[in-house]
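Here's the structure we're looking at; comments come further down.
The values are calculated or read from the model by the stated rules, or taken from the named source; none is laboratory data. Note that the structure is predicted; figures quoted are calculated from it, not measured. Ideal geometry is used to build each Cβ from the backbone, glycine not excepted, and the neighbour counts take in all protein chains shown.
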Amino acid sequence: MDLRSIIEDIASQADDFLAGATSREQARAGIAELLNADYFQLGPADCKKVTDAVMAILEHEDFFGTEFAGGAFDEDEEA
C-alpha cells in the first residue's frame, strides 16, 4: 500500500475532519480515528508513519497557528 498517497489524502482533508481541534493531541486522535475507519488494513507501524507525516505537513502549513514562545514583547518593556 502506498503510504504517500494516504498521507496526502488525509492532509488534504484536515480542514474538514479536524475542524474544531484545539491541540495537537486532538489532531493526532482525529487522524487515528480516520485511519481506523478508512485504512483499517494498516498495521500500527504504518499508522504511526502516516500520523507523523500528516502532523509534519500540518505543522509546515501552520495548521495550528503560532504559539507564544516568550520574549515577543521584551523590546516594548524596555522602552
(request) Being farther than 18 Å from residue 65 by Cα and in contact with a helix residue (DSSP H, G or I) (Cβ under 7 Å, 6 or more places away or on another chain) is the filter here, so list the residues in the stretch 1-30 that pass it. (result) 3, 6, 7, 10
(request) Only residues that are of a type in the set (Ser, Thr, Tyr), surrounded by 14 or more Cβ atoms within 10 Å (Cβ to Cβ) and part of a helix (DSSP H, G or I): list them for the stretch 1-58, please. (result) 51
(request) List the number of the failed condition for residue 31; all other conditions in (1) modelled with pLDDT of 95 or more; (2) over 12 Å from the mean Cα position of the chain (by Cα) hold. (result) (2)
(message) Give all pairs with beta carbons closer than 6 Å in which a residue from the stretch 50-79 that is among the small types (Gly, Ala, Ser) meets a residue that is surrounded by 12 or more Cβ atoms within 10 Å (Cβ to Cβ) and modelled with pLDDT of 90 or more; count only pairs at least 6 apart in sequence or on separate chains.
(response) 53/7
